[in-house]
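I'd like to ask some things about the structure below.
The values are calculated or read from the model by the stated rules, or taken from the named source; none is laboratory data. Treat the numbers as computed from the prediction; the structure is a model and nothing was measured. Ideal geometry is used to build each Cβ from the backbone, glycine not excepted, and the neighbour counts take in all protein chains shown.
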Ligand code: CO8
């Protein structure tokens, strides 16, 4: 809840069955520092463990989703420090969140900000959103998955272009490239993301988890393995109450009522 808050870099709210995380370091355009990473991850874990929450939205401000890792925090780091006290691998935990996470991206999503959006399950962008991996301009390269996830979602050509030139692209180009699921006017951004999250949160929760897991397998497994995984998950869905409810409701021409577990 917003009031339980010793948090200083994010706002955390519950909107019915949706958990909303708002990145809130406006003075640095939501630059991702250690504290913000810890707070976002803690909020994600809290929502993931809470039966009252069915889906999660991460957003920033109208001006910036996040302008990247906090350059001021990183500037004096050495290889040994980064290697030993790994500020990058904190973000790996996002992968283990079972509930769907939607990124609602307005304004800048650069460097680590673009990578955080790519770590989410899908991106809803406002028309003025800008995506890029400008790390090369700072003498470095993407560090929390950009070179990999961008290549998976957009293909090698655009991934190389963005990572090597550091140029940014707008929401329309990002959508055409498969990075973004939906583009909406800036004023509709949060509402659209929340509505998608509400829709997801109303479905059979075990099936939602399985569906997310199944799509994610496509990134890590061969086609044969991914298909086998999907088949087993499909069969497993028939062990859930929600499958009986969903199908009986359809046949009885009534709306299904899913229990949220
Ligand atoms: N880190 C720290 N501070 C930042 C960052 C950042 N990434 N981005 C912006 N700020 C600060 C600015 O320094 C400025 O502060 P101040 O008001 O005190 O001078 C304030 O935010 C506002 O920024 P600008 O005045 O620059 O605003 P503009 O509208 O002129 O420009 C830009 C906006 C284009 C977004 C510009 O701020 C910019 O280029 N920012 C840096 C973008 C960038 O290079 N991002 C990549 C960072 S490296 C990275 O992300 C590595 C990822 C892998 C590791 C992830 C681990 C968490």
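Take the stretch 55-73 and flag every residue that is more than 7 Å from the ligand (Cβ to nearest atom) and either more than 17 Å from the chain's Cα centre (by Cα) or more than 21 Å from residue 44 (Cβ to Cβ) (or both).
62, 63, 73
I've got another one for you. What is the number of the single condition among (1) on the phi < 0 side of the Ramachandran plot; (2) touching a residue at least 24 places away in the same chain (Cβ under 8 Å); (3) crowded, with 17+ Cβ neighbours inside 10 Å that residue 25 does not meet?
Residue 25 satisfies every listed condition except (2).
Condition (residue is surrounded by 18 or more Cβ atoms within 10 Å (Cβ to Cβ), touching a residue at least 60 places away in the same chain (Cβ under 8 Å) and either in contact with a helix residue (DSSP H, G or I) (Cβ under 8 Å, 6 or more places away or on another chain) or assigned to a strand (DSSP E or B) (or both)) applied to the stretch 73-94: is it met by at least one residue?
no
Next up: So residue 193 ticks every box in (1) in contact with a strand residue (DSSP E or B) (Cβ under 8 Å, 6 or more places away or on another chain); (2) without any contact (Cβ under 8 Å) to a residue 12 or more places away in the chain but one. Which box is left unticked?
Here residue 193 meets the rest and fails (2).
I'd like to check which helices (runs of 4 or more DSSP H) are fully inside the stretch 138-182 and have at least 1 residues that are touching a residue at least 40 places away in the same chain (Cβ under 8 Å).
In the stretch 138-182, 146-154, 171-176 are the helices (runs of 4 or more DSSP H) which contain 1 or more residues that are touching a residue at least 40 places away in the same chain (Cβ under 8 Å).
Residues in the stretch 39-53: is at least one within 11 Å of the ligand (Cβ to nearest atom) and touching a residue at least 24 places away in the same chain (Cβ under 8 Å)?
Looking through the stretch 39-53, at least one residue is within 11 Å of the ligand (Cβ to nearest atom) and touching a residue at least 24 places away in the same chain (Cβ under 8 Å).
Another question about this same structure. Every residue in the stretch 215-261 that is surrounded by fewer than 12 Cβ atoms within 10 Å (Cβ to Cβ), closer than 28 Å to residue 16 by Cα and out of contact with any helix residue (DSSP H, G or I) (no Cβ under 7 Å at 6 or more places or on another chain), please.
238, 239, 248, 250, 252, 253, 254
Which is modelled with pLDDT of 95 or more and either near the ligand (Cβ under 8 Å from one of its atoms) or not in a strand (DSSP E or B) (or both), of 109, 117?
Result of the check over 109, 117: 117.
While we're on this one: Would you check if residue 21 is assigned to a strand (DSSP E or B), within 16 Å of the ligand (Cβ to nearest atom) and in contact with a helix residue (DSSP H, G or I) (Cβ under 9 Å, 6 or more places away or on another chain)?
So residue 21 passes the test.
Select from the stretch 131-168 the residues that are surrounded by fewer than 22 Cβ atoms within 10 Å (Cβ to Cβ), within 19 Å of the chain's Cα centre (by Cα) and closer than 14 Å to residue 113 by Cβ and write down the one among them that is farthest from the ligand (Cβ to nearest atom).
That would be 149.
Moving on to the next point. Which of the numbered conditions does residue 13 fail, given that it passes all the others? Conditions: (1) surrounded by fewer than 18 Cβ atoms within 10 Å (Cβ to Cβ); (2) modelled with pLDDT of 95 or more; (3) within 16 Å of the ligand (Cβ to nearest atom).
Unmet for residue 13, out of (1) surrounded by fewer than 18 Cβ atoms within 10 Å (Cβ to Cβ); (2) modelled with pLDDT of 95 or more; (3) within 16 Å of the ligand (Cβ to nearest atom): (3).
How many residues does the stretch 24-33 contain that are within 8 Å of the ligand (Cβ to nearest atom) and either touching a strand residue (DSSP E or B) at 6+ places or on another chain (Cβ under 6 Å) or over 18 Å from residue 117 (Cβ atoms) (or both)?
Here the count works out to 3.
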